[in-house]
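For reference, the structure is listed below as structure tokens.
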Amino acid sequence: PSLGAALYNIGIVHLLNSSYDDALEKFEESKRIRSKKLGKESPEYIASLAKQGIALYALGRMPEAQAVFEEVLAKAPMETPLDKSQVAEILNAVGCIQYAAGQREVALRTFEQSLEINEGLFVDSLYGSADAHSELIMTRVASILNNIGQIGLKNRDYDAAAKAFEGAFKNQFLLFNVSNSFVLATMDKLAFTNVKRGDRNKALKMYNLMLEAQIKVLGPHHIDCAQTLTKISLVHVEEKNFSSAQKSIEKVMEAEAKNENNPKVSGRFKSLSIAAKNSFKKKKVVARS
């Protein structure tokens, strides 16, 4: 059993270092040893099996990962917080596989199962009865809510998408700086969803909060800031607030000029400024006619 544990721990290190092939090899070896020594119903065997699935998932070997995950879910106990945490993690991965396969409604139900388990773990953690830290659970909840929000977008259920993205943002906001890339990605999706809902005021507030965070970290002339400014200008154009749109476009053009000698981003800046100016011209002509 100690050799199985050692191989399992080495696999974890490889997994954390994104060495997924090496991790898979160690988890498979650990699984074989634990199967012989402890049996296929043992918690140790199930743990190795689960991590094998995670490694397969990380390598993009989705059918194999799903088969392994289904075996884990059929065997895994739901007694301890650690058991529940493992099942919740696997359900989220299975939901991602189902979503990638175009099974949106099935994926949604799977994500909701994972969410329910994690929310229960979070409540338990408040009373000190869960092994996992509440911060880790909140991070997982934010990830699941982002997945649910993405399904809402695909289904054009923008109210459901907004609710999910708002929940994800709330959890991330409590844990991370607003300039964190994961937080910014959630904010971007939430702003876009509000545009789709027709709530441009909320969309502008979110885009401007994004821009403020990006400028603090990256400076005002970074390509990411220009992308957000372009989105802001497009929302202003939809509102027929052409003076505010013009101000945003001018800032994009200023950033473009600052980066004209940077071949890595100059083309992207040009595309952004052209898109923003074309939208501005078209909408202004329509508004006047």
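Summary of values
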| item | result |
| --- | --- |
| Residue check, E28 modelled with pLDDT under 95, under 17 Å from E71 (Cβ atoms) and part of a helix (DSSP H, G or I) | no |
| Residue list for the stretch 23-44, filter: more than 19 Å from K75 (Cα to Cα) and either open to solvent by less than 70 Å² (accessible area, probe 1.4 Å) or touching a Lys or Arg at 6+ places or on another chain (Cβ under 7 Å) (or both) | A23, L24, K26, E29 |
| Among residues of the stretch 209-228, those that are aliphatic (A, V, I, L, M), closer than 24 Å to N262 by Cα and open to solvent by 30 Å² or more (accessible area, probe 1.4 Å), counted | 3 |
| Residue list for the stretch 31-60, filter: farther than 16 Å from E71 by Cβ and β-branched (V, I, T) | I33 |
| Residues (open to solvent by less than 70 Å² (accessible area, probe 1.4 Å), within 30 Å of the chain's Cα centre (by Cα) and of a type in the set (D, E, K, R)) located in the stretch 255-281 | E256 |
| Subset of the stretch 232-254 [open to solvent by less than 50 Å² (accessible area, probe 1.4 Å), in contact (Cβ under 8 Å) with a residue 40 or more places away in the chain and over 19 Å from I215 (Cα atoms)] | V235, V237, F242 |
| Helices (runs of 4 or more DSSP H) (entirely within the stretch 192-289) containing at least 1 residues that are touching a helix residue (DSSP H, G or I) at 6+ places or on another chain (Cβ under 8 Å) and modelled with pLDDT of 95 or more | 200-218, 223-238 |
| Inter-residue pairs, beta-carbon under 6 Å, first closer than 15 Å to A67 by Cα and in the stretch 81-110, second outside any helix (DSSP H, G or I) and open to solvent by 10 Å² or more (accessible area, probe 1.4 Å), 6+ apart | V87/A76 |
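Yes/no matrix, rows are residues, columns are (1) more than 25 Å from D157 (Cβ to Cβ); (2) surrounded by fewer than 17 Cβ atoms within 10 Å (Cβ to Cβ); (3) under 26 Å from the mean Cα position of the chain (by Cα); (4) of a type in the set (D, E):
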{"residue": "N180", "(1), (2), (3), (4)": "yes, yes, yes, no"}
{"residue": "N194", "(1), (2), (3), (4)": "no, no, yes, no"}
{"residue": "Y207", "(1), (2), (3), (4)": "no, no, yes, no"}
{"residue": "T230", "(1), (2), (3), (4)": "yes, no, yes, no"}
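The values are calculated or read from the model by the stated rules, or taken from the named source; none is laboratory data. The shown structure was predicted, so the numbers you read here are calculated from the model rather than taken from an experiment. Because the Cβ atoms are built from the backbone with ideal geometry, glycine has one as well, and the counts that use them run over all protein chains shown. Note: accessible area is taken over every heavy atom of the protein model, side chains too, but ligands, DNA and RNA are not part of it. Shrake-Rupley method; radii C 1.70, N 1.55, O 1.52, S 1.80 Å.
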